[in-house]
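J.: One structure, as structure tokens, below. Some questions next.
The values are calculated or read from the model by the stated rules, or taken from the named source; none is laboratory data. All values reported here derive from a predicted model rather than from experimental measurement. Note that each Cβ is placed from the backbone with ideal geometry, even for glycine, and that neighbours are counted across all protein chains shown. Ligands, DNA and RNA are excluded from the accessible area calculation, which covers all protein heavy atoms including side chains. Shrake-Rupley method; radii C 1.70, N 1.55, O 1.52, S 1.80 Å.
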2 protein chains.
Amino acid sequence: MSATRMQLLSPRLFSRGRSELFAGCSGAQRPGAGAATRVRSLTSSPPLSSSSSSPDRALSSVSATRRGLPQEKMSENGVTSRAKILTIDTMNPTVKKVEYAVRGPIVARAVELERELLEGMKKPFAEVIKANIGDAHAMGQQPITFFRQVLALCSYPELLNDSTFPEDAKSRARRILQSCGGYSMGSYSASQGIDSVRQDVARYIERRDGGVPCDPDNIYLTTGASDGIVTMLKLLVCGEGADRTGVMISIPQYPLYSAALAELGAVQINYYLNEEKCWSMDISELQRALDEARQHCNPRALCIINPGNPTGQVQNRDCIEDVIRFAAKERLFLMADEVYQDNVYADGCQFHSFKKVLFDMGPEYSNTVELASFHSTSKCYMGECGFRGGYMEIINMDDEVKAQLTKLVSVRLCPPVPGQALMDLVVNPPQPGEPSYVNFIKERTATLSALADKAKLTEQVLNTVRGISCNPVQGAMYSFPSITIPEKAVKEATDMGQQPDMFYCMKMLEETGICLVPGSGFGQKAGTYHFRMTILPPTDKLKILLSKVKEFHQKFTQQYS
Amino acid sequence: MSATRMQLLSPRLFSRGRSELFAGCSGAQRPGAGAATRVRSLTSSPPLSSSSSSPDRALSSVSATRRGLPQEKMSENGVTSRAKILTIDTMNPTVKKVEYAVRGPIVARAVELERELLEGMKKPFAEVIKANIGDAHAMGQQPITFFRQVLALCSYPELLNDSTFPEDAKSRARRILQSCGGYSMGSYSASQGIDSVRQDVARYIERRDGGVPCDPDNIYLTTGASDGIVTMLKLLVCGEGADRTGVMISIPQYPLYSAALAELGAVQINYYLNEEKCWSMDISELQRALDEARQHCNPRALCIINPGNPTGQVQNRDCIEDVIRFAAKERLFLMADEVYQDNVYADGCQFHSFKKVLFDMGPEYSNTVELASFHSTSKCYMGECGFRGGYMEIINMDDEVKAQLTKLVSVRLCPPVPGQALMDLVVNPPQPGEPSYVNFIKERTATLSALADKAKLTEQVLNTVRGISCNPVQGAMYSFPSITIPEKAVKEATDMGQQPDMFYCMKMLEETGICLVPGSGFGQKAGTYHFRMTILPPTDKLKILLSKVKEFHQKFTQQYS
């Protein structure tokens, strides 16, 4: 499907399928909902011509299908046409409910605009800047030389004879290859991940957490953090109706969570971060959300993203303690998404892992609270998204469940081995005295301090704009400012069936080439509007981007006042 | 969990969770089954001490949980212990139903035996030979030099200045990098896959299928073929009760299918391959399976593995035509697993893609029959399993469904970029006249002809054993011989609660170090027994392996006669 077509169909296709216009088609859990059995009109109608599937027709089609009769029709040219088997009305209804704003219609339009520019079409901008996704290398961040040297050595071991490669890179490559079947990254690894990599991850966690022990058997390597998060949610979800598993997620959230919960048919329980207090977590708000949810589902897990995505806050130690106490008291499985653990910029802020705090709280908590924490090669100073590397550590998981987890991950054979190798390098980087150490530290520091500068710059510039209010970007890779959208614009958007901040971002894209994600894709308090913008572009470009955003906002405000 | 522990818990954990011993816990679709709400005994009991969750206790625990009261108990040392939130009784029941024999308990035991050997324990063998999985490089197959050179260049582009790399490898690397954001494999790609790679895939398919057109928009790059297959099944599954989606799979099958269907809660419809006719497909058997299934579910898809896994047959053109006609008549979405398309060895056999045959049958079929076909970097002459590369092509998919598919894959961001790069090389290898061409052809031919020799050797040797009967290995990478298990052994296995062929394979592993997968893991006609053995070990090792299998079988037969 071309970007044009995708744009044409959106936003309806990207939010809810049209089948949900018809009663009985929308509920995944609805007993006998029979979405499978509804069949579209026999003649092939264009996708958006509507309401051919009236209940009567649908029912008669069902009977025909169930009797095994083919549904054929002779067209004028004598060729038999058949109704599609798989249509929007007969596909998995939970999949239709999935939304993923970070790669939604606005990005499809951005891709299309890029093509149009290439084809020579005239636009009010020379370049599309994609500040929609935390994709560091795409924004010009350079990979860590040492990591890429080891990956090249592992890919083509002939290079181990090349004297231009440093010895520490070679020894890391040899160690990884020795753990691979047949000395090749082309072999499957153990489904849980390469043993030696899991050992290195465990030692890294012990160092990070000041000696709190970590058992490599509790480490599962993953295909990026998303894979680990979905796998854990998959284990947790069960029950029907009022017994259905509920999972608490922050609002604003990273939309992987809502997407996964929709697909699994779990109940999403929203707790709101406090924008006035720099997007902090309030226990009273957790309690409110939980108490309300208990009326209609079975809340079993609490997800935290720290440092926050899209909100950029870094939780302090006391807050984490409170959250752990809350989870223990309320019997919630904790899921800590800690993929931005090295991305902390603000003075006085520090990353505390949930595991470390848990163990500091003593055996009453450390022996009982169930926790999964997630990390990735995609963020921090690495930004190696394309390799899809990550790990999860599970704490206090029931042994039988763990065996089930091991079985479950075995079905997908193994995480990509190059991603596992990269994860190994992240947790076992060059050490003082090794030939690559100085350069590694130099590169890492340069990247992280540039990010810190850009976090500050973004906050400062955005806060100079009337009608934009931006919390400090304490960590992670995004700003999530609140924006004032004039009532006239809200009305125009609503009349078009669009979220006002989608309307705003789409307009910005068309006029400036800047691709942001509307706050509605992450969730926000009703009546408030935001966008998420990455701080990743190189400083020069970021400055241009910010001044364009400023200019656009002023123009937009004027236009709709 | 250590291998020992895993072994201890198996096979129960690897087949069905103990919760299914209790009424009401097993049904994923059961309305209000409430598996989520069953809570294990409050004191922490060892995992296998049973039946603490009597209905009464469970119910009272439920109420406590639903009221939000913490379930705590003071132990003797004053430390509060809590019942686990996530237990075998309260986890996702569909996950418990998943089985995956290829990496099941027998492989866990093989890994353990390897460790025991390393630790110096005495065994009746010096080495464990894992013939359980199609993992070519682990068995000593060498990667294609050109592929690895390009991957090294893409990983560490500094090497583009290295004069020892051939120009064609460099130009491929440049083309791939130019398609990556920021010229880095560390950037996310489009979720559907890198544009230029999808274009190359489309051209490859056109060449393979004698010019049948292929639209790159119909290509989705995947994280191995498994990922594509699961994604397609996910789109297809819906309905409840008698409307639940049924999916036809061959028996014997590759257990990814049964695992995915179990996890999705779909109905598995078994059609049996005809072992007497070299594991061929009979339309009458398809019809029988379908007619029976229509009594209790809604059959919507038909999966074919060609060349066959685990059975090694290669379908002829007529058979494929018949299958397509059947699918059209019966309104079944076709899924063609064609990952072994280059692995065809037997004289007179040839690979025919479902797509090519479909288009040869004329517009009545080519304009209507919905088809997804899957390919991978893991098999054929490449054997690059660890990179997790693959693609799927979709034919005649409804546009709205396609938009949903694109949305669904976007949630996982993108397939691993090194795997995409590798897929690109597979579909766009060195061409005549390019510097790497001669060596590429030499390496590819050597690998494929060695596989052909080993296919023949395996069949020949196994057929010399009384009580073993092996069909020709026409293609793929496995033999799946039928084995006669003496009644006494069947009884002993049954008394132990084990499948007779699991009993047989486990004994073989303990006595010879050879790791095979019992036929029961793939499915087989009741009363017949098989094992799957890869033909991948180097010829010398394969000869030893085959003679050990022969010896073991004779001894086993004697022992139980």
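J.: On a 0 to 90° scale, report how tilted helix A:145-155 is relative to the longest principal axis of chain A, with both axes built from alpha carbons and the result rounded to the nearest 10.
T.: Tilt relative to chain A: about 70 degrees.
J.: Then there's this: So what's the gap between the Cα centers of the range B:524-557 and the range B:352-405, to the nearest angstrom?
T.: 34 Å
J.: Could you order the peptides B:84-91, B:304-311 from most to least packed, using the average number of other C-beta atoms within 10 Å per residue?
T.: For the peptides B:84-91, B:304-311, the packing ranking is B:304-311, B:84-91.
J.: Something else now. Taking the Cβ-Cβ separation of A:Asn463 and A:Ala242 as r and a Förster radius of 51 Å, what is the calculated FRET efficiency to the nearest 0.05?
T.: So, using R0 = 51 Å, E works out to roughly 0.65.
J.: Within 10 Å of each Cβ of A:297-305, how many other protein chain Cβ atoms are there on average?
T.: 2
J.: What is the range A:399-484's relative contact order, in percent, from Cα pairs under 8 angstrom and six or more apart in sequence?
T.: 15 percent
J.: Using per-residue counts of other Cβ atoms within 10 Å, averaged over each peptide, order A:472-485, B:452-465 from highest down.
T.: Descending mean neighbour count gives A:472-485, B:452-465.
J.: Sorted by average packing, counted as other Cβ atoms within 10 angstrom per residue and highest first, what order do A:431-443, A:219-231, B:262-274, A:513-525 take?
T.: Per-residue mean Cβ counts within 10 Å order the peptides as A:219-231, A:513-525, B:262-274, A:431-443.
J.: Which pairs break 18 Å Cα to Cα here: A:Lys379/B:Lys170; B:Lys507/B:Lys550; B:Lys97/B:Lys525?
T.: Flagged as over cut-off: A:Lys379/B:Lys170; B:Lys97/B:Lys525.
J.: Would you work out what percent of the accessible area of the range A:145-427, with all protein chains in place, is carbon or sulfur (probe 1.4 Å)?
T.: Of the solvent-accessible surface of the range A:145-427, carbon and sulfur hold 45 percent.
J.: To the nearest 0.05, how large is the calculated FRET efficiency for B:Asp195 and B:Gln431 if R₀ is 30 Å and r is the Cβ-Cβ distance?
T.: In this case the efficiency is close to 0.90.
J.: Using a basic spin-label model with each label point 7 Å from the Cα along Cα→Cβ, how many nm lie between B:Asp540 and B:Gln295?
T.: About 5.7 nm separates the two model spin labels.
J.: I'd like the FRET efficiency for B:Thr528 and A:Arg175, computed as 1/(1 + (r/R0)^6) with the beta carbon distance as r and R0 of 41 Å, rounded to 0.05.
T.: 0.35
J.: Could you work out the relative contact order of chain A, using alpha carbon pairs under 8 angstrom and six or more residues apart, expressed as a whole percent?
T.: Reported as a whole number, the value is 17 percent.
J.: Also, I was wondering about something else. Where both residues lie in the protein assembly as shown, what percent of DSSP beta bridges are antiparallel, nearest 5?
T.: So the antiparallel bridges amount to about 50 percent of the total.
J.: How large, in percent, is the carbon and sulfur part of the accessible surface of the range B:463-547 at a probe radius of 1.4 Å?
T.: Its accessible area is 52 percent carbon and sulfur atoms.
J.: Can you list the residues in the range A:376-403 whose accessible area drops by at least 50 Å² when all protein chains are present, compared with the chain alone? Use a 1.4 Å probe, heavy atoms only.
T.: At a threshold of 50 Å² (probe 1.4 Å), the residues of the range A:376-403 that become less exposed are A:Gly386, A:Phe387, A:Arg388, A:Asp398, A:Asp399, A:Glu400, A:Val401, A:Ala403.
J.: Ok, one more. What do you get for the angle between helix A:283-293 and the principal long axis of chain A? Use alpha-carbon atoms, 0 to 90 degrees, nearest ten.
T.: The helix A:283-293 is inclined about 40 degrees to chain A.
J.: A further question on this structure: Can you bin chain A into rounded, prolate or oblate? Criterion: square roots of the alpha carbon gyration tensor eigenvalues sorted a ≥ b ≥ c, rounded for a/c under 1.5, prolate for a/b above b/c, oblate for the rest.
T.: Note, shape of chain A comes out rounded.
J.: Counting only other chains, what is the mean number of Cβ atoms within 10 angstrom of the Cβ of each residue in peptide A:327-337?
T.: Averaged over the peptide's residues, the number is 3.
J.: Any idea what the dipole of chain A comes to, in debye rounded to 20, about its Cα centre with Lys/Arg Cβ at +1 and Asp/Glu Cβ at -1?
T.: Approximately 1700 debye in magnitude.
J.: Mind checking B:412-424 for the average number of partner chain beta-carbons within 10 Å of each residue's beta-carbon?
T.: 6
J.: Just to confirm the number: angle between the C-alpha axis of helix A:167-178 and the first principal axis of chain A, 0 to 90 degrees, nearest 10?
T.: The helix A:167-178 is inclined about 60 degrees to chain A.
J.: From largest accessible area down, sort A:Ile394, B:Ile283; use a 1.4 Å probe on the protein chains.
T.: The residues order as B:Ile283, A:Ile394, largest area first.
J.: In square angstrom, what is the accessible area per residue of chain B with a 1.4 angstrom probe?
T.: Per residue, chain B has an accessible area of 35 Å².
J.: Starting from the alpha-carbon convex hull of the range A:145-427, give the projected area averaged over all orientations, in nm².
T.: 15.2 nm²
J.: At 1.4 Å probe size, put A:Asp162, B:Asp200 in order of accessible surface, largest to smallest.
T.: Ranked list, largest accessible area first: A:Asp162, B:Asp200.
J.: Here is a further query. What accessible surface, in Å², does a 1.4 Å probe find on B:Ser171, ignoring ligands, DNA and RNA and rounding to the nearest 10?
T.: Approximately 50 Å² for this residue.
J.: Right, here's the next one. Cα gyration tensor of the range A:416-561, axes a ≥ b ≥ c as square roots of the eigenvalues: rounded (a/c below 1.5), prolate (a/b > b/c) or oblate?
T.: prolate
J.: Before anything else, pin down the relative contact order of the range B:455-561: Cα pairs under 8 Å, at least 6 apart, normalised by residue count, whole percent.
T.: Computed value for the range B:455-561: 29 percent relative contact order.
J.: Continuing with this model, one more query. Could you tell me which of rounded, prolate or oblate describes the protein assembly as shown, using a ≥ b ≥ c as the square roots of the eigenvalues of the alpha-carbon gyration tensor, with rounded for a/c under 1.5 and, failing that, prolate when a/b is larger than b/c and oblate otherwise?
T.: rounded
J.: Under 18 Å Cα-Cα from B:Lys329, which lysines qualify once same-chain neighbours fewer than 8 residues away are excluded?
T.: A:Lys73, A:Lys84, B:Lys355
J.: Could you let me know the centre-to-centre spacing of the range A:197-275 and the range B:421-481, using Cα atoms, in angstrom?
T.: 42 Å
J.: Here's another thing I want to ask about it. Restricting to the range A:145-427, what percent of DSSP beta bridges are antiparallel, rounded to 5?
T.: Antiparallel bridges: around 35 percent, rounded to the nearest 5.
J.: Moving to a separate point now. Nearest 100 Å² is fine: how much accessible area is buried between A and B, summed over both sides, with a 1.4 Å probe?
T.: Counting both chains, the buried surface is close to 11700 Å².
J.: Given +1 on the Cβ of Lys and Arg, -1 on the Cβ of Asp and Glu, and no further charges, what dipole in debye does the range B:183-341 carry about its Cα centre, rounded to the nearest 20?
T.: For this selection, approximately 140 debye.
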